[in-house]
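S.K.: One structure follows; several queries about it will come next.
The values are calculated or read from the model by the stated rules, or taken from the named source; none is laboratory data. Please read all numbers here as calculations on a predicted model, not as lab measurements. Methodologically, a virtual Cβ is constructed for each residue, glycine included, from the backbone with ideal geometry; neighbour enumeration extends over all protein chains shown. These area figures cover heavy atoms from the full protein model, side chains too; ligands, DNA and RNA do not enter into them. Shrake-Rupley method; radii C 1.70, N 1.55, O 1.52, S 1.80 Å.
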Amino acid sequence: MAMATAEQVKASHILIKHQGSPRKASWKDPDGRIISATTRDAAVNQLLSLREIIVSGEARFQDVAARYSDCSSAKRGGDLGRFGRRQMQKPFEEATFALEVSQINGIIDTDSGVHIILRTG
């Protein structure tokens, strides 16, 4: 089995946008009405609830991502594929590279919104 290079990871994520997100629209909220009314705290609370149902085994990460993520990767169950350093926003990159494969992190803030990340490779 080939080892992934230390410079590349594979990950899926769930993004919840909020009032502080520069682009207040997504595939599930094209007009940005919900996003514009969502505080960062509300986005974090929603994400923590989603993380809990994943970690408890109640639902699979990809199913939750497909339904709730504001990222267009939702249609792939949150899958972002492989990426290397300097390809993602810095906090997202650092969090992903710090995870072990199959590990889910806590909340990460980026300019896009708040995320949870599942490292898949």
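S.K.: Which one of these is touching a strand residue (DSSP E or B) at 6+ places or on another chain (Cβ under 7 Å) and either surrounded by fewer than 17 Cβ atoms within 10 Å (Cβ to Cβ) or part of a loop (DSSP other than H, G, I, E, B) (or both): G57, G81?
M.R.: Every option except G81 fails the conditions.
S.K.: If I filter region 35-45 for residues that are within 13 Å of the chain's Cα centre (by Cα) and under 21 Å from E100 (Cβ atoms), do I get at least one hit?
M.R.: Checked region 35-45: no residue is within 13 Å of the chain's Cα centre (by Cα) and under 21 Å from E100 (Cβ atoms).
S.K.: I'm trying to understand the selection: among the residues of region 60-78, which are open to solvent by 90 Å² or more (accessible area, probe 1.4 Å) and in a helix (DSSP H, G or I)?
M.R.: Hits for region 60-78 are R67, K75, R76.
S.K.: Could you identify the single residue in F92, F83 that is of a type in the set (F, W, Y) and either touching a helix residue (DSSP H, G or I) at 6+ places or on another chain (Cβ under 9 Å) or under 18 Å from D63 (Cα atoms) (or both)?
M.R.: F83
S.K.: If L50 passes every condition in (1) part of a helix (DSSP H, G or I); (2) buried (at least 16 other Cβ atoms within 10 Å of the Cβ); (3) free of Cβ contacts under 8 Å to residues at least 60 places away in the same chain; (4) not acidic (D, E) but one, which one does it miss?
M.R.: (3) is the only condition that L50 fails.
S.K.: What is the residue count in region 26-47 for residues that are open to solvent by 20 Å² or more (accessible area, probe 1.4 Å) and of a type in the set (G, A, S)?
M.R.: Number satisfying all stated conditions: 3.
S.K.: Got a number for residues in region 108-121 being assigned to a loop (DSSP other than H, G, I, E, B), in contact with a Lys or Arg (Cβ under 8 Å, 6 or more places away or on another chain) and either among the small types (G, A, S) or surrounded by fewer than 17 Cβ atoms within 10 Å (Cβ to Cβ) (or both)?
M.R.: Total satisfying the criteria: 2.
S.K.: Still on this model: Kindly indicate the residue of region 84-96 that is surrounded by fewer than 17 Cβ atoms within 10 Å (Cβ to Cβ) and not in a loop (DSSP other than H, G, I, E, B) and also farthest from the chain's Cα centre (by Cα) among those meeting that condition.
M.R.: G84
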